Amino acid sequence: MSGPGTAFVVSGPSGAGKSTLLGRVLATDPGVRFSISHTTRAPRPGEVEGRHYHFATRQEFQELIDRGAFVEWAEYNDNLYGTSRQAVEGPTSEGRDLILEVEVQGAAQLRERLDGAIFVFIMPPSLEVLEERLRGRGSDGESIIVKRLERAREELRQIRLYDYVVVNDDIERATQELLHVIGARRVERDRVLPGLADRFDFG
Ligand code: 5GP
């Protein structure tokens, strides 16, 4: 492997099982890191500053926007979320692959701005299963569940923005599929040949 690392931009509706899937991929492949976003939402129980997110006030977030610190940012459920240039440029320039978990508006911005990034959409097996999963969490009221389902339908309309689609009906298979997407990128010809040029003459 040689050259800069790749940014893998991963989106999918709430309830598609993204966090579990990404947790498994990160635990399996030591060559890939998770990009830590900024957000104005409050930390959930168990979330750690600098590990899950950089938690910021609206004012702090706005200052970062004004300084041009973000490569993308978006509003989602009344909170702001953004990826700092630093979060992406540091690790990828050191040759590390990076997973950016962003919603679709952020992914659309990254499509324009991040050369060479790979876009992966995580799908629930069906809208019925998505609804069951959202209800199964037991933590959200009816109006929030209806809002999340509406949002999921909207996000599905943006799916053509993505290069790969992983259907998360079986977590083990979905994990393998995402690992394969990452692995395939690493063996693309133009990434491999520079590392072989001292031993082979490719003409
Ligand atoms: P949550 O509040 O559940 O952690 O995240 C809500 C949504 O925001 C998820 O769809 C997640 O992928 C998205 N998100 C997390 N970080 C970022 C970011 O840096 N930029 C954008 N655009 N979306 C993000």
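The values are calculated or read from the model by the stated rules, or taken from the named source; none is laboratory data. All of these numbers come straight from a predicted model, not from anything done at the bench. Cβ sites come from the backbone with ideal geometry, for glycine too, and all protein chains shown count toward neighbours.
Numbers below:
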quantity: Any chance residue 131 is more than 16 Å from the chain's Cα centre (by Cα), more than 16 Å from the ligand (Cβ to nearest atom) and surrounded by 15 or more Cβ atoms within 10 Å (Cβ to Cβ); calculated: yes
quantity: Boolean, residue 178 is more than 14 Å from the ligand (Cβ to nearest atom), over 27 Å from residue 78 (Cβ atoms) and either out of contact with any Lys or Arg (no Cβ under 9 Å at 6 or more places or on another chain) or not small (Gly, Ala, Ser) (or both); calculated: yes
quantity: Residue match in the stretch 162-176 (condition: assigned to a loop (DSSP other than H, G, I, E, B), under 18 Å from the mean Cα position of the chain (by Cα) and either small (Gly, Ala, Ser) or farther than 17 Å from residue 15 by Cα (or both)); calculated: yes
quantity: Selected residue (criterion: farthest from residue 132 (Cα to Cα)) from residues of the stretch 160-182 that are hydroxyl-bearing (Ser, Thr, Tyr) and in contact (Cβ under 8 Å) with a residue 60 or more places away in the chain; calculated: 162
quantity: Scan of the stretch 82-92 for residues that are in contact with a His (Cβ under 7 Å, 6 or more places away or on another chain) and hydroxyl-bearing (Ser, Thr, Tyr), ordered by number; calculated: 84
quantity: Residues (in a loop (DSSP other than H, G, I, E, B) and at pLDDT 95 or above) located in the stretch 62-87; calculated: 67, 68, 69
quantity: Any hit, the stretch 137-150, residues being modelled with pLDDT of 95 or more and either away from the ligand (no atom under 13 Å from the Cβ) or more than 30 Å from residue 31 (Cα to Cα) (or both); calculated: no
quantity: Leading residue by the ranking (nearest to residue 107 (Cα to Cα)) among those in the stretch 5-32 that are part of a loop (DSSP other than H, G, I, E, B) and within 12 Å of the ligand (Cβ to nearest atom); calculated: 12
quantity: Residue that is part of a strand (DSSP E or B), surrounded by fewer than 20 Cβ atoms within 10 Å (Cβ to Cβ) and within 13 Å of the ligand (Cβ to nearest atom), where the choices are 54, 38; calculated: 54
quantity: Among (1) in contact (Cβ under 8 Å) with a residue 12 or more places away in the chain; (2) away from the ligand (no atom under 11 Å from the Cβ); (3) over 18 Å from residue 112 (Cα atoms) - the single one residue 85 does not satisfy; calculated: (3)
quantity: Scan of the stretch 165-203 for residues that are touching a Phe, Trp or Tyr at 6+ places or on another chain (Cβ under 7 Å) and surrounded by 15 or more Cβ atoms within 10 Å (Cβ to Cβ), ordered by number; calculated: 181, 182
